[in-house]
Amino acid sequence: MNTKTGSLLASMMFFEYFIWGAWYVTMGTYMGEHLQATGVEIGAAYSALAIATMISPFFVGMIADRFFAAQKIMGVLHLIGGALLFLATQITDSSTFYWVILGYSLLYMPTIALSNSVAFSQMTDPGKQFPWIRVFGTLGWIVAGVLIGQLGIEKTASTFHMAAAVSVGLGLLSFVLPNTPPNGADGSASKALGTEAFVLFKERPYLIFFIAAILVCIPLSFYYGFANPFLNELNFENAASKMTLGQVSEAVFILAIPFLFNRIGVKNMILLGMAAWILRYVFFAYGDTGNNTWMLYAGIILHGICYDFFFVTGYMYTEKKAGAKIKNAAQGLFTFATYGVGMFIGTWFSGYIVDTYKTGETHNWLNIWYVPAYIAMGVLVYFILFFKEKKTA
């Protein structure tokens, strides 16, 4: 892979995740400020991405992979997506806003897989080259958050305008990316869903893990949907910028995973991730902008352990269990179940809980954060009791 190609792919990843980070983190705050949205309505808007996650494998597997060059269809999706992001800011009621965000999510989520396809098609050694390209995506998310905080636009429609402008830019850039023609893959619905990987459920340890992965998405939904509104309600200055410490933490801790995975085992890795979820929400429950500000920072920084030690480890464990023949199907099924089914349940449930503990114009965040902490604790106990992986040499 030459320098020009590497630069194009790095730019693609940077803008791909810049867009997501620009509107997604602060959407709950925007909806509360401008649409007077309830917690359930905010949760519903976040569930749009979960719905799109469940549908996008069918689009990519049954249509894009068979008939269109990946970079061209990605360009079209981003151009239309930019228009929908701008349209979202012209909406004045939560119900219509939901449908616009759902429409946008259905366009955006396939571009994740498409951008990966474009990148992998140009690599001679994906194992070594892809992480160095993908890290620009994390950098893009961080830059988006820092810009939002520094520009003071966290509660305004400008976050969507910024994401829309970059989406149009990436749409245009996509047409000059390296050509990635359709691969003529099997376009059946079962193939797109990854049903080949159902064979993994015959192994009890993987089934126990798979159920835990879906359940732990419920506490994850509380963070994605309501951490930013919570921090803004506490008047935590430049919350969006400071929340990027979670992505910095994610980038740092991911480096520790290859070292720890074979040394302490998958069970201990996942248990550490679950324990971090509990600790994070305890910190949020008791954190404030006075003497306990450090707890807010700690809750954000723990994102690296929460996410990497469970989900990244989970992807590695899934690949290890699946083997070469069904690894793609297994990864697709794991994503469908977690970021699709699990997040769909979690986003609606978290919105209901936030509404339950609303008091006037504010919320009883102590009781709100107890809920995901207890759920994470329940999943932790379930995992300790039932996950029994045989040791191999």
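No lab work stands behind these numbers, since they all come straight from the coordinates. This one's a predicted model, so the numbers in the text were calculated from it and none came from an experiment. Note: ideal-geometry Cβ built from the backbone for every residue, glycine included; neighbour counts use all protein chains shown.
Most mobile of 215, 255, 245 per a Gaussian network model of the chain (Cα springs, under 10 Å)?
255
Roughly how many debye, to the nearest 20, is the charge dipole of the chain about its Cα centre, given +1 on each Lys and Arg Cβ, -1 on each Asp and Glu Cβ, and no other charges?
It works out to roughly 1420 debye.
Dipole of segment 65-159, Cα-centred, from +1 at each Lys and Arg C-beta and -1 at each Asp and Glu C-beta, to the nearest 20 debye?
Working: 5 positive and 4 negative charges, 38 e Å.
Once rounded to the nearest 20, the dipole reads 180 debye.
Scan the chain and report its longest stretch carrying no chymotrypsin sites (Phe, Trp or Tyr not before Pro) that are both in a DSSP loop and have at most 16 other Cβ atoms within 10 Å.
On the way: sites that count: 68, 175.
After excluding every exposed loop site, the longest remaining stretch is 176-393.
In the chain, with Lys and Arg counted as +1 and Asp and Glu as -1 at Cβ, which of these residues, 32, 17, 212, has the Cα nearest the positive end of the dipole, that is, farthest along it?
Farthest along the dipole direction, towards plus: 212.
Mind giving me the FRET efficiency for residue 83 and residue 366? R0 is 51 Å, r the Cβ-Cβ distance, nearest 0.05 is fine. The partial results should precede the final answer.
Values: r = 42 Å, r/R0 = 0.81.
The value I calculate is 0.75.
Out of these labelled values of P(r) over Cα pairs in 20 Å bins from 0, in percent, (1) 28, 55, 17, 0; (2) 29, 57, 13, 1, 0; (3) 27, 61, 11, 0, which was calculated from the coordinates shown here?
Correct label is (3).
Would you work out the relative contact order for the chain, in percent, from Cα pairs under 8 angstrom that are 6 or more residues apart? Before the final figure, lay out each step's value.
Numbers: 621 pairs, mean separation 107.4, N = 393.
Contact order relative to length: 27 percent.
Give the residue from 223, 146, 248 lying farthest towards the positive end of the charge dipole for the chain; charges sit on Cβ (+1 for Lys and Arg, -1 for Asp and Glu) and the dipole is referred to the Cα centre.
The one lying farthest along the dipole's positive direction is 248.
Of the listed pairs 72/128; 72/321; 267/358; 4/128; 72/202; 4/320, which have alpha-carbon separations greater than 29 Å here? Mind showing how you got there, number by number?
Numbers: 72/128 26 Å; 72/321 35 Å; 267/358 37 Å; 4/128 18 Å; 72/202 40 Å; 4/320 34 Å.
Pairs exceeding 29 Å: 72/321; 267/358; 72/202; 4/320.
In whole Hz and in residue order, list the ³J(HN,Hα) couplings for segment 67-75 that follow from phi through the Karplus curve 6.51 cos²θ - 1.76 cosθ + 1.60, θ = phi - 60°; x for Gly and Pro.
So the Karplus estimates, Gly and Pro as x, are 10, 10, 5, 4, 5, 6, 5, 5, x Hz.
Taking R0 as 41 Å, what's the FRET efficiency between residue 386 and residue 288 from their Cβ-Cβ distance, rounded to 0.05?
0.65
Between residue 1 and residue 320, what is 0.36 nm times their sequence separation minus the Cα-Cα distance? Round to one decimal in nm. All intermediate terms of the calculation are to be shown ahead of the outcome.
Working: separation 319, 0.36 × 319 = 114.84 nm, distance 2.77 nm.
Length gained between residue 1 and residue 320: 112.1 nm.
For n ≥ 4 DSSP H runs only, could you compute -39500 (n - 2.57) per run for the chain, divide by its residues and tell me the 222 nm figure to the nearest 500?
Calculated at 222 nm, the ellipticity per residue is -25000 deg cm²/dmol.
Under a plain spin-label model, where a point goes 7 Å from the Cα along Cα-to-Cβ, how far apart in nm are residue 68 and residue 165?
Between residue 68 and residue 165, the label points sit 2.7 nm apart.
For residue 37, enumerate residues with amide H under 5 Å from its amide H, sequence gap 5+ or separate chain, H modeled in the peptide plane.
Amide H neighbours of residue 37: 32.
Provide the FRET efficiency to the nearest 0.05 for the residue 91-residue 377 pair, computing r from the beta carbons and using R0 = 45 Å.
Working: r = 39 Å, r/R0 = 0.86.
Efficiency computed from Cβ-Cβ geometry: 0.70.
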